[in-house]
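K.L.:
The structure's right below; bear with me while I get my questions together.
Please treat every number below as a calculation from the coordinates, not as lab data. Fair warning: this is a prediction, and the values are worked out from it, not measured in the lab. Here the Cβ positions follow ideal geometry from the backbone for every residue, glycine too, while neighbour counts run over all protein chains shown.
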Amino acid sequence: MANLLFLSYSGVLCFLQEVLANHIAGVPIPSSKNAPAHERALAAAKVNARALNMAAYGFFISAPMNHVLIGGLHKMFAGRTSGRDKLLQLLVSNLFIAPAQASVYLASMAVIGGARSVDAIKATVLKGFLPMLKILWVSSPTATLFAQNFLPAELWVPFFNVVSLAIGTFFSVKVKKMQLAAARKRKPESRDD
């Protein structure tokens, strides 16, 4: 039952990440005036198919992966509270967990975004890997130090899910704003043709 709760929690957070990013970036969600009321309500709330895909990503990919990675990290360092051990835990997190999380997130976002070939998925991962890793290398030690000092072990996975929500929303807003700007640049060009 607890595992289902964590899966659901992660799915909801990923769904919220996409909806928040749509709102913050000002992404228009198309809906006709003749559409059923529920479709117009979803469009007004900035809920689209991508938000539902993000919920599935959170439930089926992100939560199990984070449970294994963060849970394994905690088990590896259980009872080890010296400064040296905390530093080693940060290094393990930054050198192994953060790259794994970044790769899986970027590959999943590529698939959700429409990439269907291995080459397209690889290109997305390679393009976003270092920028995302830089953010993770700053946020992960901060979050880990906070968790080490203030949270019981059983709250680490939900805490890191909330941190992921903030970071994921940041990246989604950034990407959406770039896509909207590119679409606006293309629009005037298409009128001239």
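K.L.:
Per residue of the chain, what 222 nm ellipticity follows from adding -39500 (n - 2.57) for every DSSP H run with n ≥ 4, rounded to the nearest 500? Provide the component values of the computation, followed by the final result.
P.N.:
Details: 8 runs with 150 residues, N = 193.
Calculated from helices alone, the mean residue ellipticity at 222 nm is -26500 deg cm²/dmol.
K.L.:
Here is the link list: LYS46/LYS127; LYS86/LYS174; LYS122/LYS174; LYS33/LYS177; LYS75/LYS122; LYS75/LYS127. Which ones come out longer than 30 Å on Cα distance? The partial results should precede the final answer.
P.N.:
Numbers: LYS46/LYS127 27 Å; LYS86/LYS174 32 Å; LYS122/LYS174 20 Å; LYS33/LYS177 26 Å; LYS75/LYS122 32 Å; LYS75/LYS127 33 Å.
Check vs 30 Å cut-off fails for LYS86/LYS174; LYS75/LYS122; LYS75/LYS127.
K.L.:
Something else now. Over the Cα atoms, compute the radius of gyration (one decimal) and Dmax (the largest Cα-Cα distance, rounded to a whole number) for the stretch 23-131, in Å.
P.N.:
Using the Cα atoms of the stretch 23-131, the pair Rg, Dmax is 19.2, 64 Å.
K.L.:
Given Cα pairs under 8 Å that are at least 6 residues apart, what percent is the relative contact order of the stretch 54-193?
P.N.:
Numbers: 57 pairs, mean separation 34.1, N = 140.
About 24 percent, as a whole number.
K.L.:
Next up: In debye, nearest 20: dipole of the chain around its Cα centre with unit charges on the Cβ of K, R (+) and D, E (-)? Walk me through the numbers on the way to the answer.
P.N.:
Working: 20 positive and 8 negative charges, 95 e Å.
It comes to approximately 460 debye.
K.L.:
Next question, about the same structure. Under 8 Å for C-alpha pairs, at least 6 residues apart: give me the relative contact order for the stretch 68-131, rounded to a whole percent.
P.N.:
Taking the mean separation of contacting Cα pairs over the length of the stretch 68-131, I get 27 percent.
K.L.:
OK, next. Give the shape of the stretch 1-46 as rounded, prolate or oblate, defined through the alpha-carbon gyration tensor: a ≥ b ≥ c are the square roots of its eigenvalues, a/c under 1.5 means rounded, and otherwise the shape is prolate if a/b is larger than b/c and oblate if not. Could you put the intermediate results ahead of the total?
P.N.:
Details: a/c = 5.77, a/b = 1.94, b/c = 2.98.
It is oblate, given that a/c is not under 1.5 and a/b is not larger than b/c.
K.L.:
How many percent of Cα pairs in the chain exceed 27 Å?
P.N.:
On the way: 6710 of 18528 pairs.
Distances greater than 27 Å cover 36 percent of the Cα pairs.
K.L.:
Cα centroid distance between the stretch 15-47 and the stretch 139-156, in Å?
P.N.:
For the stretch 15-47 versus the stretch 139-156, the Cα centre distance is 34 Å.
K.L.:
When only Cα pairs under 8 Å and 6 or more residues apart are kept, what is the percent relative contact order across the stretch 1-134?
P.N.:
On the way: 100 pairs, mean separation 31.9, N = 134.
Relative contact order here is 24 percent.
K.L.:
Mind checking the angle between helix 156-192 and the chain's longest principal axis? C-alpha axes, 0 to 90 degrees, to the nearest 10.
P.N.:
Orientation of helix 156-192: about 30 degrees from the principal axis.
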